[in-house]
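A short worksheet on the structure shown next.
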Amino acid sequence: MPHFWKGCCTFAPMIPTLFDSSAVAEFRSWTERYRSFVIVTHVSPDGDAMGSALGMLHYLQARGCRARVVVPNAFPEFFRWMPQVGSVVQYDFHREQADRLIDEAEAVFCLDFNGLGRTGAVGEKLRAAGKPMALVDHHPSPEEGFDLTFSRPALCATAEVLFRLIDEAGHSGLIGKDCATCLYTGLMTDTGAFTYNSARPEIFAIVSRLLSCGIDKDYIYRRIFCAQSVGRMKLMGYALYAKMKIYPELRSALIWLTQDELKRFSYVKGDTEGFVNLPLQMKGIVFSCFLREDKTMIKVSLRSVGRFSCTDFASTVFKGGGHRNASGGEFYEDMDRAIARFEEGLELFRPQLEAPAR
Ligand code: 5GP
Ligand code: MN
């Protein structure tokens, strides 16, 4: 892809074509052939899952289709302002309704995950239902078996994949303010408000297009990043003060929180969102791990800056996965064992983590 605008501000960045014209034609024809859809995201939907799924909802409605978003479980409260978020059906709470929607839908769009295993019980229902399924995603190694696959791991967010797909389908005129607001939410949250994984000029060309749809980017930012509860703020202070261990020679840090501690700070889902990124604000830290004790397991979150691969660490040490700079996994023993496993992992990855000799 020619970066002809590099070092020159005369040309506006172009958005190069991503997909085969036949695949795009197939995507377009889906919204003619099928008139009702269910849109599904991964468990514990994040901003990109919510943003791309709701963005797809608005797009499909603009195409004259009926559509509903089904999420496997709860999403953080700070997404509860998003356009049409009130119509989202939570599978673990409203299973019968969601099953009925899936049975009645003619086809399914899968957003922001690479395999049905990431959707929990919804995946089992989808397998049994046998509806035509299309995947729109940016995670590496998409599972086979989707009828249509639009997967681009090099892109910063599923919302970016979806914007470009709609654009290439010749339907960007159908992206109204609400759709654009949802897509911008996906882009903004998956890039830490454009602070990482967002250096490609076309990302800002897309942002420019979304701005011209009338979105209020500062409002979106505040609703998500300035919506903290007192409990979360205090839990963050506690985590940083009392529960952060630094491994200076390995340029790494660990934060861990147990159920007891979470209860003490009246934890609600989403309260620890972003904690894993905090240690990366320290000079010299390139790798961060956050361990949160859930009811049935310990949730592992990993983040890195630069070349260190969280994906390799997640898959080798915690049987997880994700992206180079953001990965996760699940651990089914106690917290002490999880910490020990993390520290064994650090030793294993010592060659990649040690500061380069000067
Ligand atoms: P988070 O730390 O925000 O929960 O997850 C960051 C990224 O890691 C997600 O976008 C997802 O790609 C990946 N991820 C998180 N948890 C898991 C997991 O249990 N298994 C796998 N394979 N990937 C995960
Ligand atoms: Mn994403």
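The values are calculated or read from the model by the stated rules, or taken from the named source; none is laboratory data. Just so we're clear, the structure is a prediction, and the values are computed from it rather than from any experiment. Every residue, glycine as well, gets a Cβ built from its backbone with ideal geometry; the counts of neighbours run over all protein chains shown. These area figures cover heavy atoms from the full protein model, side chains too; ligands, DNA and RNA do not enter into them. Shrake-Rupley method; radii C 1.70, N 1.55, O 1.52, S 1.80 Å.
A few comments on the model shown:
- Among residues of the range 32-54 that are farther than 18 Å from Gly329 by Cα, those with a beta-carbon under 7 Å from a residue that is open to solvent by 10 Å² or more (accessible area, probe 1.4 Å) and within 16 Å of ligand 1 (Cβ to nearest atom) at least six positions away or on a different chain give the pairs Gly47/Thr189; Gly47/Asp190; Gly47/Ile224; Asp48/Thr189; Asp48/Asp190; Met50/Phe75; Gly51/Thr189.
- Going through (1) more than 9 Å from ligand 1 (Cβ to nearest atom); (2) open to solvent by 10 Å² or more (accessible area, probe 1.4 Å) one by one, Gly321 falls short only on (1).
- Test for Tyr219: is it open to solvent by 70 Å² or more (accessible area, probe 1.4 Å) and either under 25 Å from the mean Cα position of the chain (by Cα) or not assigned by TED's automatic domain parsing to the domain that holds Phe287 (or both): yes
- Residue match in the range 129-139 (condition: within 16 Å of ligand 2 (Cβ to nearest atom), part of a strand (DSSP E or B) and in contact with a Leu (Cβ under 6 Å, 6 or more places away or on another chain)): yes
- Remark: Leu111 falls outside the filter, which requires a residue to be under 10 Å from Val38 (Cα atoms) and in contact (Cβ under 8 Å) with a residue 12 or more places away in the chain.
- Of the residues contained in the range 186-207, one or more are found to be away from ligand 2 (no atom under 16 Å from the Cβ) and free of Cβ contacts under 8 Å to residues at least 60 places away in the same chain.
- Beta carbons closer than 7 Å, at least 6 apart along the sequence or on distinct chains, pair a first residue in the range 309-329 that is touching a residue at least 60 places away in the same chain (Cβ under 8 Å) and over 17 Å from Gly117 (Cα atoms) with a second that is surrounded by fewer than 20 Cβ atoms within 10 Å (Cβ to Cβ) and among the charged types (D, E, K, R) for Thr311/Arg324.
- For the range 11-60, a residue qualifies if it is in a loop (DSSP other than H, G, I, E, B) and more than 30 Å from Val268 (Cβ to Cβ), and the qualifying residues are Phe11, Ala12, Pro13, Met14, Ile15, Pro16, Thr17, Leu18, Phe19, Asp20, Tyr34, Arg35.
- Every condition in (1) under 27 Å from Pro142 (Cα atoms); (2) touching a Pro at 6+ places or on another chain (Cβ under 7 Å); (3) not β-branched (Val, Ile, Thr) is met by Lys269 except one, and the failing one is (1).
- Residues satisfying the stated conditions in the range 140-164, i.e. surrounded by fewer than 22 Cβ atoms within 10 Å (Cβ to Cβ) and part of a helix (DSSP H, G or I): none
- Considering the range 20-50, the residues that are within 13 Å of ligand 1 (Cβ to nearest atom) and more than 17 Å from Val122 (Cβ to Cβ) include one that is surrounded by the most Cβ atoms within 10 Å (Cβ to Cβ), namely Asp48.
- Any strands (runs of 3 or more DSSP E) falling wholly within the range 221-333 and containing at least 1 residues that are of a type outside the set (D, E, K, R) and in contact with a Cys (Cβ under 7 Å, 6 or more places away or on another chain): 252-257, 298-304, 326-331
- Scanning the range 136-159 for residues that are away from ligand 1 (no atom under 14 Å from the Cβ) and either farther than 27 Å from Thr195 by Cβ or free of Cβ contacts under 8 Å to residues at least 60 places away in the same chain (or both) yields Glu144, Gly145, Phe146, Asp147, Leu148, Thr149, Ala154.
- Only listed residue being away from ligand 1 (no atom under 16 Å from the Cβ), open to solvent by less than 40 Å² (accessible area, probe 1.4 Å), in contact with a helix residue (DSSP H, G or I) (Cβ under 9 Å, 6 or more places away or on another chain) and under 17 Å from Val38 (Cα atoms), chosen from Ala121, Ala169, Ala62, Ala67: Ala67
- When the range 93-117 is limited to residues that are in contact with a Pro (Cβ under 8 Å, 6 or more places away or on another chain) and more than 16 Å from ligand 2 (Cβ to nearest atom), the one that is farthest from Asp137 (Cα to Cα) turns out to be Glu106.
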